[in-house]
Amino acid sequence: MKRIVIKVGSGVLTENNTIAKERMLNLVALVAKLQERFEIILVTSGAVASGYTALKLNRKEQISKKVLASLGQPILMSSYKRKFEKHNVTISQILLTEEDFDSRKRTAIFTEIIDTLLTHKILPIVNENDISTTPEQVFGDNDQLSAHVAHYMDADLLVILSDINGYYDKNPSEYPDATILKEVNSISSEALNAEHSPNNAFATGGIVTKLMAAQFLLERGRKMFLCSGYDLSDIESYLLDGVHKRGTLFISASR
């Protein structure tokens with residue numbers, strides 16, 4: 001069975017400072033459907049945004065962000081739990097930091113935990129542990145986290161569901177004739193070092209962090225698919241029917 005990591009960002013999960021319920025319902029339904037054929041690991045953002053629904057703090061301040069994450073993580077997981085139960089899917093929460101990937105012992109522990117969960121058809125839901133980390137210990141965005149999870153869990157593919165449809169040949173907001181690149185084998189240093197530009201107030205990444213995640217996997221011979229989290233038909237057709245309608249596949253030329 002193929003193993004797939006799916007990452008969903010705040011831009012998809014939230015709208016108008018609250019959880020976008022319909023988009024989350026669609027995501028849950030898709031993950032439940034995919035779980036019948038694949039081993040799925042879900043990497044999710046949305047804890048800070050969920051916390052903001054309960055307490056309006058300045059999310060730009062580090063301590064406030066941690067407070068919001070502590071409030072929002074149980075809200076987010078409760079929402080996932082209720083929705084996945086309708087599909088008879090049992091979920092588990094895994095909170096990781098960058099340090100978990102720097103220690104062989106710690107990496108071995110969480111990989112064994114996730115392997116065991118997958119063996120028992122339980123869906124691991126992974127998020128970064130925003131509470132106990134210092135700025136030096138965090139990835140800063142779940143694009144990087146999901147790439148590391150995909151690599152260390154030996155996944156066949158990382159899927160990033162985003163508020164964009166794929167990686168364009170130029171900025172689509174500035175150039176109406178911009179087109180999506182269906183396959184990318186290498187990424188320029190200029191693109192990797194460009195300024196981060198998240199579209200959502202609760203997002204910490206942007207296209208650059210997605211490219212960095214893709215680069216991390218390309219260097220290790222792994223694949224990443226970037227597509228819309230609003231219209232899930234693109235990823236459904238790619239994974240279930242083998243039809244690449246829209247979205248960008250990052251894959252090394254040797255593969």
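The values are calculated or read from the model by the stated rules, or taken from the named source; none is laboratory data. From a predicted model like this one, the values you see are computed outputs, not experimental measurements. For accessibility, only protein heavy atoms count, side chains too; no ligands or nucleic acids. Shrake-Rupley method; radii C 1.70, N 1.55, O 1.52, S 1.80 Å.
The table that follows gives values for the structure above.
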read-out: Those lysines that a straight Cα-Cα span of less than 28 Å connects to K60, excepting residues fewer than 8 apart in one chain; value: K7, K21, K210
read-out: GNM flexibility winner over the chain from N17, N193, N171 (Cα, springs under 10 Å); value: N171
read-out: Amide H within-cut-off set for T14, under 5 Å, with H built and near neighbours excluded; value: A20
read-out: For segment 56-135: rounded, prolate or oblate by the Cα gyration tensor [a/c cutoff 1.5]; value: oblate
read-out: Accessible area per residue, Å², the chain with all protein chains present, probe 1.4 Å; value: 48
read-out: Amide H within-cut-off set for V159, under 5 Å, with H built and near neighbours excluded; value: V5, I6, K7, F225
read-out: From phi via Karplus (6.51, -1.76, 1.60), per-residue ³J(HN,Hα) for segment 227-238 in Hz, x at Gly/Pro; value: 7, 6, x, 8, 10, 7, 5, 5, 6, 5, 5, 5
read-out: Of S103, S233, S45, the one that fluctuates the most in a GNM where the chain has Cα springs shorter than 10 Å; value: S103
